[in-house]
Amino acid sequence: MIKQNILSNSLTLFKFYVNDALRGFLDRPIFKNKTIRVGMILITIALYFWYFYINIRAFFGLGEIKNLPEVVSLTKITIASYIDMFIILGIYLGAFINSTLNFSNVILFTTNLLPFTKREITIGQKLFKLSFALIIFELLLVIVFPFFIRVAVLSLLSLSLLFIILHQVFIVSF
């Protein structure tokens with residue numbers, strides 16, 4: 001019961017931090033118009049599919065390897081190198097975000113005045129920093145993951161597990 005209350009209060013503080021951070025970002029005049037927001041989302045999706053199409057064309061241009069054991073071996077090596085890369089990225093982003101992303105004195109003063117324990121405040125701040133790092137991670141994963149979709153050796157279940165494993169590796173290393 002107490003741990004659930006700590007998590008609930010930490011999530012409340014997380015929402016407070018996100019609301020405060022996004023208020024400054026979304027108060028820009030360009031984001032006030034709904035058609036501009038929808039247009040920006042559609043442009044982002046179109047750019048992603050365009051990038052995916054370019055990657056697939058480049059992948060087909062590499063030539064076809066007809067030896068299945070060689071494809072499996074290359075896929076394993078590629079997955080291992082991506083996992084290593086995400087471990088390094090998680091450590092780097094963890095150090096970078098913890099050293100640069102600081103809360104303003106007004107926010108810290110306000111959260112200390114609220115009826116939350118120091119532990120709940122710390123967990124809320126760490127959740128906020130982790131969510132910021134996950135946004136950066138997801139942007140990188142959008143670039144990297146289409147390659148794995150094209151690999152014929154990986155099934156849909158394997159891709160789903162790889163997706164979960166890459167997220168777990170990043171979060172643990174962060």
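Okay, residues lined up against (1) loosely packed, with under 13 Cβ neighbours inside 10 Å; (2) at pLDDT below 80; (3) under 30 Å from residue 7 (Cα atoms):
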position	(1), (2), (3)
36	yes, no, no
52	no, yes, no
63	yes, yes, no
72	no, yes, no
93	no, no, yes
Note to self: Show me the helices (runs of 4 or more DSSP H) entirely contained within the range 95-174 in which 2 or more residues are surrounded by 13 or more Cβ atoms within 10 Å (Cβ to Cβ), touching a residue at least 12 places away in the same chain (Cβ under 8 Å) and not polar (S, T, N, Q).
What the structure shows: 118-150, 156-173
Notebook entry, point to check: If you scan the range 108-167, which residues turn out to be among the small types (Gly, Ala, Ser) and over 19 Å from residue 14 (Cα atoms)?
Noted result: 152, 155, 158, 160
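The values are calculated or read from the model by the stated rules, or taken from the named source; none is laboratory data. Predicted, not measured: the structure shown is a model, and the values here were computed from it. Cβ atoms come from the backbone with ideal geometry, glycine included; neighbour counts cover every protein chain shown.
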